[in-house]
Amino acid sequence: RKMTREELCKVRTQHIAESFKQLQPAFMALGDETRQQIIMTLLTSDHNGIRVGEITSKTHLSRPAVSHHLKTLRDAGIVNMRREGTMNYYYVDADESQWKQMMELAEYVYEVARDISENGSCRKKEE
């Protein structure tokens, strides 16, 4: 049987809620201006990554502050790290992080919002 409009809306909003819950650590990590500054520093650095000392000099933050924020960003799946001997290099990799999932969630929310605007309902137009 075909789903009702209400059932379709429930499925779509449930998917959004589950995605928000899964990505909550990433969104929380991104909400901090200092972490945003660190991400911007990483995005403008070499693709091989940079060390804490270089981030410290570029952001004028203390080493302990940079290390703390990098841990938060790594735990949230926003920033990656690779180790070379005793040295850690931090970088952003679109394929090894939460960036793709966040983009997909934003696109899905946009699609649902667009359907509401166009159809007066969260169901897709063809449904």
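Among the residues of the stretch 1-26, write down those that are under 25 Å from Val92 (Cα atoms) and either basic (Lys, Arg) or open to solvent by 80 Å² or more (accessible area, probe 1.4 Å) (or both).
Glu18, Phe20, Lys21, Gln22, Gln24
Here are some conditions: (1) under 30 Å from Leu8 (Cβ atoms); (2) of a type in the set (Ser, Thr, Tyr); (3) surrounded by fewer than 15 Cβ atoms within 10 Å (Cβ to Cβ). Ser121 meets all but one. Which one does it not meet?
Here Ser121 clears every test but (3).
Being at pLDDT 95 or above, more than 30 Å from Arg5 (Cβ to Cβ) and open to solvent by 30 Å² or more (accessible area, probe 1.4 Å): is that true of Thr72 here? Before the answer, list the steps.
Values: at pLDDT 95 or above: yes; more than 30 Å from Arg5 (Cβ to Cβ): yes; open to solvent by 30 Å² or more (accessible area, probe 1.4 Å): yes.
So Thr72 fits the description; yes.
Exactly one condition in (1) more than 20 Å from Lys71 (Cβ to Cβ); (2) modelled with pLDDT under 95 is false for Gly49; which is it?
Every listed condition holds for Gly49 apart from (1).
For (1) within 30 Å of Cys122 (Cβ to Cβ); (2) of a type in the set (A, V, I, L, M), each residue gets a yes or a no:
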site: Met3; (1), (2): yes, yes
site: Glu7; (1), (2): yes, no
site: Val11; (1), (2): yes, yes
site: Gly53; (1), (2): no, no
site: Thr59; (1), (2): no, no
site: Ile78; (1), (2): yes, yes
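Do we have any residue at all in the stretch 76-93 that's without any contact (Cβ under 8 Å) to a residue 12 or more places away in the chain and either among the hydroxyl-bearing types (Ser, Thr, Tyr) or open to solvent by less than 40 Å² (accessible area, probe 1.4 Å) (or both)?
As a first pass, look at the stretch 76-93 and keep what is without any contact (Cβ under 8 Å) to a residue 12 or more places away in the chain: 83-86.
Narrowing the set further to residues that are either among the hydroxyl-bearing types (Ser, Thr, Tyr) or open to solvent by less than 40 Å² (accessible area, probe 1.4 Å) (or both) leaves 86.
Yes, because at least one residue in the stretch 76-93 is without any contact (Cβ under 8 Å) to a residue 12 or more places away in the chain and either among the hydroxyl-bearing types (Ser, Thr, Tyr) or open to solvent by less than 40 Å² (accessible area, probe 1.4 Å) (or both).
In the list Glu107, Glu111, Glu118, which residue meets the criterion of being at pLDDT 95 or above, of a type in the set (Asp, Glu), on the phi < 0 side of the Ramachandran plot and not in a loop (DSSP other than H, G, I, E, B)?
Working: Glu111 fails: at pLDDT 95 or above; Glu118 fails: at pLDDT 95 or above.
It is Glu107.
When Gly49 is evaluated against the numbered criteria (1) within 20 Å of Ala94 (Cα to Cα); (2) surrounded by fewer than 16 Cβ atoms within 10 Å (Cβ to Cβ), which criterion, by number, is the only one it fails?
For Gly49, the exception is condition (2).
Being in contact with a helix residue (DSSP H, G or I) (Cβ under 7 Å, 6 or more places away or on another chain) and surrounded by 14 or more Cβ atoms within 10 Å (Cβ to Cβ) is the filter here; which residues of the stretch 94-109 pass it? Walk me through how you get there before you give the answer.
Step one: of the stretch 94-109, the residues in contact with a helix residue (DSSP H, G or I) (Cβ under 7 Å, 6 or more places away or on another chain) are 94, 98, 100-102, 105, 108-109.
Within the stretch 94-109, Gln98, Gln101, Met102, Leu105, Tyr108, Val109 meet the criteria.
The values are calculated or read from the model by the stated rules, or taken from the named source; none is laboratory data. None of these values were measured; they are calculated from a predicted model. Note that each Cβ is placed from the backbone with ideal geometry, even for glycine, and that neighbours are counted across all protein chains shown. In case anyone asks, the SASA skips ligands and DNA or RNA and just uses the protein heavy atoms, side chains included. Shrake-Rupley method; radii C 1.70, N 1.55, O 1.52, S 1.80 Å.
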